[in-house]
Structure formats: structure tokens, C-alpha cells
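This report refers to the structure that appears directly beneath it.
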Amino acid sequence: MEYLIKEAARRSARYLEVLRGRSVAPPPEAVERLNGFDVPLQEEPIAPLKVLAELDEFGSAATVASAGPRYFGFVTGGTLPAALAANVLAGAWDQNAVFHVASPPTAFLEEVCRRWLIELFGLPPGAGTGFVTGATMANLSALAAARHALLERLGWDVEAQGLFGAPPIKVIVGAEVHVSVLKALSLLGLGRERVVRVPVDGQGRMQPEAIPALAEPAIICVQAGNVNTGAFDPAAEICAIAQASGSWVHVDGAFGLWAAACPDRKHLAAGIPSANSWATDAHKWLNVPYDSGIVLVRDPQHLKASMSSRAAYLIAGDSREPSHYTPELSRRARGVEVWAALRSLGRSGLADLIGRNCRHARRFAEGLKSAGYDVLNEVVLNQVLVSFGSADRTREVVTRVQEDGTCWCGGTEWQGNAAMRISVSSWATTEEDVARSLQAIIRLASG
């Protein structure tokens, strides 16, 4: 076992060593070699060392280098060294983060992280927190808590009785609502088509004056960081509207919520602490391994009531029980990596990571503007949208950039315009990486 783990570490270290110099997109011949995995399942066992060798030899070269410094797609962070090391150790621990009695250290670390995160985001000290797979499940968990709270107020036990015959709940979203919120609503039986969509401005920010009059409590979903522009909905105004009707405000802050931890960007999150629930990813801007998301709810009892399970053998203790705040019972110990990332960075390191990525995004925007291309958004965070002319031309440039491999940027549609989307989210990205990537994008766009 010791030799096997050392060999896995050796191969992992070699993979990371070549990441900075290799093509971000895998070469076609490496993808073709994936066929080496496609063999009949043999009858007899195979030595673990051989299994590891096959995984490395057939798989490593075919990965997208998203852990490297020049991957700017899908708001994907890299993996901080401390978080990666913690992931390895936590894998060896093989803990089930379900109850304190099943894993005292992981339950304890979650509670420490809960307090740290609440302080970093400026949220109410008593907020309940769950460690889930990502923003989709964080949104689902928070909206389940909202569904519970609003229906309980009307005398309906949704966990026991379901939605058949329940009073209807109005859900209000911006026209640029993220698909993860709509997916969560559909899974909760609240419907993705039933939502009231509120118009947005040219940056994707919800217009509060267009929110319909609320005669009874509703759920209002706001964005902290539009996935295309990085823009924030005016949370303070929306929360004031919601409070007048007793409505619930949920913040989808998959990556943008982390702006609250950076003094230079904290103003973007103004008003967000007045909401009732929040969702974010740790595998985006905190740069921990996949998968890792966080749900936070102002009143922990609402989250606990919507997530808890009871059975004769599930005996809870007096301390915080992790599974009372997540959809899953059995799950991996994500809080270990979150703790390691925060512990290694500290407040100043986290603020520097966020601020540095935002400065890199601004450098991309300045360089592309200087080259004569249209930047379509106000670069307030880590997102840049650029058009290279016609829709066809822009899509062609996106394809060229992805095939070239110097960096990787995605394509998107923004208010009727095709665009390249550049998302700077990795701790590993340097000014040199930005300069090298800019040079490649401009070269490929002008060719």
C-alpha cells in the first residue's frame, strides 16, 4: 500500500509539473488513446500498480488542463496545493461525513469552516451551513429551506405532505437567471416555467422597479455574479422590497459571493447579507478539488427541517450533525479541503487571489480593446465578454483558440450577441500567462 500511494503521488506530481507547458486542450491523438480503456472486463484481478499505470498512461494526456494557469472556461478554479494535499489525505481517511459519531474530525472541521465562511462573507453569525456537491445542490438546498419556511407559515408541512394541494408559491427571478437555479426549482416541484421573469439591464442586473407587487410571500432569486458579465443584482433594493411582503430572498453566488472576502470588490456584495439564503461553490474561486459547494441559510432550522432524515439507527448527538444540512446522508468529507484552502490562504491570501484574478480579467479586456475588438461587458469581476465581429467570426475565433491550446476560452451568447467568454478563476494564473494568452488570442483572431 505504501509503495502504491507513493507511485500515485509520483505520477500526480509529474502530471502537475508538465501542466504549465502543455496544450490546454488535449491533442486528438491523446483522446484517441482513451480507447485503451475499452477492453472486456477480465475474469481475474489485476495488480493495483498496473491499474494505476493504465489510468495515467491512457488518461492523463487526454485531460483538459483545467488545473493549469491558462484555462479560462466555465468559471473553473485550479486546485490550491494545500487543498490537493488535503484531498489526498481525506481520501486515505475515507470518512463518511454523515454524523459526528461516524467521523469526529470531519464534523468538527465543517463547524470551523462554517464560522470562517460566515465571517468572510459578512453573513449572520448563526446561519446554518451545508457542504454539498456544487452550486446546483446549494441552490436546491436553500430553495428547499425557503419552500419549507413559506409553507410552514401558511400551516402546510411540505416535507410530510408534499406539494399536492399545497398553497402555491410565487418565484421571481431575473431574465438572466442561471440554469442551476431553474434546475433546482424543477427538482423541488416549483417549476422552471412557472417563474416570473424580471427584466434586466445591459449587464444582466435585475431591475427592482420591475418586480411585480407582492400581496403574499414569495421567493425572489438574485444573482451575485452573472455567469457572463460578473454583474451583481442590486441586492439591497431587492431585499427591501422582499421584507415589505415577508418574502424570501435567495442569493445565487456561485462565484460572485467570494467578492465579499476581497476589500477591493466587497462593494459589489452590498445588501447581500440581508438575504435569507446563499449558495456558492468552493471549487470555483476557493480553488478546491471538485466537487464542492456550500449552502448557507439565515435560520438554520429552516435548512435542517428541509434536509433532515430520521431512522431508528440514525442516532444524532448534541453537536451539529453534518447530514442535517445537506440532501445526502453518506458523502465525502468536502469540508476537509475547504478548511485546508482557507487555512493556507488566510484572509489576505484569499483577498489577493480574488483581486489578482480580477486584475487579470481587466488586463484581458484592455488588451483586446487595444487590438480593436469589442468588449461587451463592464469588467467588474473576473469575467470578460469579447466579440470579434460577426457571430460566425466570433465562433470561429473561439474554435481556433480552443484548438490552438495556448489557453482555453469558451463561447457564449449575450443579449443577442455571440461572444468569447474569458473567466479568470485560478490561483496559478500569472501576468505572464495572461500576456501569453492575449498574444495567442489576438494572433488567432487576426489570422
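The values are calculated or read from the model by the stated rules, or taken from the named source; none is laboratory data. What you are looking at is a predicted structure, and each value in this text was computed from that prediction instead of being measured. For neighbour counting, all protein chains shown are included, and Cβ atoms are generated from backbone atoms with ideal geometry for every residue, glycine included.
Computed quantities for the displayed model
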read-out: Residue match in region 185-195 (condition: surrounded by fewer than 21 Cβ atoms within 10 Å (Cβ to Cβ) and more than 23 Å from residue 296 (Cα to Cα)); value: yes
read-out: Contacts under 7 angstrom Cβ, first residue in region 375-392 being over 13 Å from residue 204 (Cα atoms), partner of a type in the set (Lys, Arg) and in a loop (DSSP other than H, G, I, E, B), 6 or more apart; value: 381/265
read-out: Residue satisfying condition, being of a type in the set (Lys, Arg), in the same structural domain as residue 281 (by TED's automatic domain parsing) and part of a loop (DSSP other than H, G, I, E, B), within set 197, 192; value: 192
read-out: Residue that is nearest to residue 67 (Cα to Cα), among those in region 377-422 that are of a type in the set (A, V, I, L, M, F, W, C) and out of contact with any helix residue (DSSP H, G or I) (no Cβ under 7 Å at 6 or more places or on another chain); value: 398
read-out: Verdict on residue 31 being closer than 27 Å to residue 406 by Cα, modelled with pLDDT of 95 or more and part of a helix (DSSP H, G or I); value: yes
read-out: So residue 43, is it free of Cβ contacts under 8 Å to residues at least 60 places away in the same chain and either under 27 Å from residue 6 (Cβ atoms) or in contact with a Gly (Cβ under 8 Å, 6 or more places away or on another chain) (or both); value: no
read-out: Among the candidates 371, 361, 316, residue that is within 24 Å of residue 278 (Cβ to Cβ) and either free of Cβ contacts under 8 Å to residues at least 24 places away in the same chain or not basic (Lys, Arg) (or both); value: 361
read-out: Complete set of residues in region 259-281 that are part of a helix (DSSP H, G or I) and among the aliphatic types (A, V, I, L, M); value: 259, 260, 261, 268, 269, 272
read-out: Matching residues, region 201-231, being polar (S, T, N, Q) and part of a loop (DSSP other than H, G, I, E, B); value: 203, 207, 226, 228, 229
read-out: Evaluation of residue 3 against (1) aromatic (Phe, Trp, Tyr); (2) surrounded by 12 or more Cβ atoms within 10 Å (Cβ to Cβ); (3) part of a helix (DSSP H, G or I) (one fails), failing number; value: (2)
read-out: Residue that is hydroxyl-bearing (Ser, Thr, Tyr), surrounded by 12 or more Cβ atoms within 10 Å (Cβ to Cβ) and assigned by TED's automatic domain parsing to the domain that holds residue 291, where the choices are 23, 103, 60; value: 103
read-out: Qualifying positions in region 263-291 - buried (at least 24 other Cβ atoms within 10 Å of the Cβ), within 25 Å of residue 81 (Cα to Cα) and out of contact with any Leu (no Cβ under 6 Å at 6 or more places or on another chain); value: 279, 281, 282, 283, 284, 285, 286, 288
